[in-house]
Amino acid sequence: MRAYEFITEQRLDKVHDALEVVAKSLPYTYVIPDLKNQDFYDLYRFGLAIADVRGQSGHDHNVPNFQATSSWGENQIVSSFDPNIGKVIDQALKKVNKRGKKQVSTAGSEEMDDTSSISPVKPFKGYK
């Protein structure tokens with residue numbers, strides 16, 4: 001049959017892991033032993049670092065300086081408009097044998113000090 005002239009099977013009997021396939025098929029591929037796949041915070045920060053390096057090569061000089069860690073750190077953040085979310089968090093933490101939460105914001109939504117809360121549109125008759 002002529003089909004055997006153009007249909008081929010990939011032989012993987014000599015391949016031991018995916019890196020052997022990647023080495024031939026993906027250009028510029030690197031393994032980073034100090035960066036583990038299980039630590040999502042480190043992966044996230046590494047992604048931000050790559051974006052920062054790329055951003056610094058551009059022309060925008062109004063980019064904030066990159067920090068290796070964030071002020072939030074690896075801690076889980078829960079934010080909600082539900083005023084009872086603290087109780088929900090406590091119950092959920094108890095279910096996973098954890099405890100402790102620290103409120104890092106105001107109880108309600110507030111504007112930053114430099115945010116204007118007065119409309120720039122001048123009121124007119126019929127509009128309060």
### Task
Given the peptides 30-37, 41-48, 83-90, arrange them by the average over their residues of other C-beta atoms within 10 Å, most packed first.
41-48, 83-90, 30-37
### Query
From the phi of every residue in segment 29-46, what ³J(HN,Hα) in whole Hz does the Karplus formula 6.51 cos²θ - 1.76 cosθ + 1.60 yield, where θ is phi - 60° and glycine or proline is x?
9, 10, 9, 10, x, 7, 10, 8, 5, 7, 9, 5, 5, 4, 5, 4, 5, 5
### Summary
Calc'd 3J(HN,Hα), segment 86-101, phi into Karplus 6.51 cos²θ - 1.76 cosθ + 1.60 (θ = phi - 60°), Hz, glycine/Pro = x, comes to x, 5, 5, 4, 4, 5, 5, 4, 4, 5, 10, 6, 10, 8, x, 9
### Task
Mind ranking 91-103, 111-123 by how tightly packed they are, going by the mean number of other C-beta atoms within 10 angstrom, highest first?
91-103, 111-123
### Task
Pull out the extension gain between Asn75 and Phe40, defined as 0.36 nm times the separation in residues minus the alpha carbon to alpha carbon distance; nm, one decimal.
11.5 nm
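Read the figures in this text as sums done on the coordinates, not as results from a lab. Source: prediction; values computed, not measured. Every residue, glycine as well, gets a Cβ built from its backbone with ideal geometry; the counts of neighbours run over all protein chains shown.
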